[in-house]
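Visitor: Take a look at the following structure, please.
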Amino acid sequence: MALEDETEGFPRPPATVTDDEGREIDIRRFDGGTDALLEMYRTLDPADRTQGIPPRGETRLVEWVETLTGEGRNVVAWHGDRAVGHAVLMPMEAGRWELAIFVHSDYQGAHVGTHLLEHLLGRGQAAGVERVWLSVERHNTVALSLYESFGFEQLAGRSEFKMERKL
C-alpha cells in the first residue's frame, strides 16, 4: 500500500473472503439490529479491551453500540450468523473521521481485521470521507503494523500513537 497522501481504491462491502483459518467470512455494511454485535462485544476477551472500549457494563455497552451504529459508517464481519468483527468510521471535527476496529478473540490472527479495514476504507471512500484518524496503544505492534501497511502515518503520542491517512 502506498504511504502519505496517495490514495487507493479500496474494495467496498459486501464481500465474502476466506480467512487464514479457511473460514468463509462475509463482510457487510451494518444493516440494523444490534443483538449480534452486542453478543460479540459481551464475549470479547477482556484483554482485547483498549482505551476503555468497548465499555464495561450492559447499559454503557448498549449505548456505545447504538451510538456507533446510529452515527457512524459501519462494516461487520460475519461467520454464519455470528458477528466476529466490527469496524466503524465516526464523524469528528473538521471533516475527519475516527476509525475503530474490533475482532473477536476467536478470529484474531486470521486477517479478519485486514479484510474489515480495507472494506471499511472502501465504504468511507464511497461516502466521500477524506481523512481518517485513529489512536492505537504504542505496545500494540500488530495493530501498528496493520495500520502502517494501509498508509496510516504516526502523528504524535507517548503511551499511544495517533495515526492518520487521506482517503
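Visitor: Only one residue in Val136, Val112, Val129, Val142 is at pLDDT 95 or above and among the hydrophobic types (A, V, I, L, M, F, W, C). Which one? Lay out the reasoning, then the answer.
Guide: Numbers: Val136 fails: at pLDDT 95 or above; Val129 fails: at pLDDT 95 or above; Val142 fails: at pLDDT 95 or above.
Testing whether each residue is at pLDDT 95 or above and among the hydrophobic types (A, V, I, L, M, F, W, C) leaves just Val112.
Visitor: Of everything in the range 6-18, what is within 30 Å of Glu130 (Cβ to Cβ) and either more than 16 Å from the chain's Cα centre (by Cα) or in a strand (DSSP E or B) (or both)? Give them in sequence order.
Guide: First, pick out the residues of the range 6-18 that are within 30 Å of Glu130 (Cβ to Cβ): 6-17.
Residues satisfying the conditions are Glu6, Thr7, Glu8, Gly9, Ala15, Thr16, Val17.
Visitor: Still on this structure, I have one more. Any chance you could count how many residues in the range 47-61 are surrounded by 14 or more Cβ atoms within 10 Å (Cβ to Cβ) and either within 19 Å of Arg82 (Cβ to Cβ) or free of Cβ contacts under 8 Å to residues at least 40 places away in the same chain (or both)?
Guide: Residues flagged as surrounded by 14 or more Cβ atoms within 10 Å (Cβ to Cβ) and either within 19 Å of Arg82 (Cβ to Cβ) or free of Cβ contacts under 8 Å to residues at least 40 places away in the same chain (or both) within the range 47-61 amount to 4.
Visitor: Follow-up. Please specify each residue of the range 35-46 satisfying the condition of being over 15 Å from the mean Cα position of the chain (by Cα), assigned to a helix (DSSP H, G or I) and touching a residue at least 12 places away in the same chain (Cβ under 8 Å). Outline the logic, then answer.
Guide: Restricting attention to the range 35-46, the residues satisfying the condition of being over 15 Å from the mean Cα position of the chain (by Cα) are 35-36, 38-39, 42-43, 45-46.
Then keep just the ones that are assigned to a helix (DSSP H, G or I); that gives 35-36, 38-39, 42, 46.
Result: Ala36, Leu38, Glu39, Arg42.
Visitor: Looking only at the range 154-162, decide whether some residue is touching a residue at least 60 places away in the same chain (Cβ under 8 Å) and under 15 Å from the mean Cα position of the chain (by Cα).
Guide: Filtering the range 154-162 for residues touching a residue at least 60 places away in the same chain (Cβ under 8 Å) gives 160.
Then drop every residue that is not under 15 Å from the mean Cα position of the chain (by Cα), which leaves none.
No.
Visitor: Also, I was wondering about something else. For the range 109-145, name all the residues that are of a type in the set (Ser, Thr, Tyr) and either loosely packed, with under 15 Cβ neighbours inside 10 Å or in a helix (DSSP H, G or I) (or both).
Guide: Thr114, Thr141, Ser145
Visitor: For Ala127, are the conditions met, namely being among the hydrophobic types (A, V, I, L, M, F, W, C) and more than 15 Å from the chain's Cα centre (by Cα)? If you could, list the steps in order and put the result at the bottom.
Guide: Values: among the hydrophobic types (A, V, I, L, M, F, W, C): yes; more than 15 Å from the chain's Cα centre (by Cα): yes.
The answer is yes for Ala127.
Visitor: Just to verify a result, which residue in the range 69-106, among those that are outside any strand (DSSP E or B) and in contact with an Asp or Glu (Cβ under 7 Å, 6 or more places away or on another chain), is surrounded by the most Cβ atoms within 10 Å (Cβ to Cβ)? Outline the logic, then answer.
Guide: Residues of the range 69-106 that are outside any strand (DSSP E or B), as a first pass: 69-72, 80-81, 92-95, 104-106.
Cutting the leftovers down to in contact with an Asp or Glu (Cβ under 7 Å, 6 or more places away or on another chain) gives us 92, 95, 105.
Numbers: Met92: 12, Gly95: 10, Ser105: 15.
Here the answer is Ser105.
The values are calculated or read from the model by the stated rules, or taken from the named source; none is laboratory data. All values derive from a computational prediction rather than experimental measurement. With ideal geometry, Cβ positions are generated from the backbone for all residues, glycine too; neighbour counts draw on all protein chains shown.
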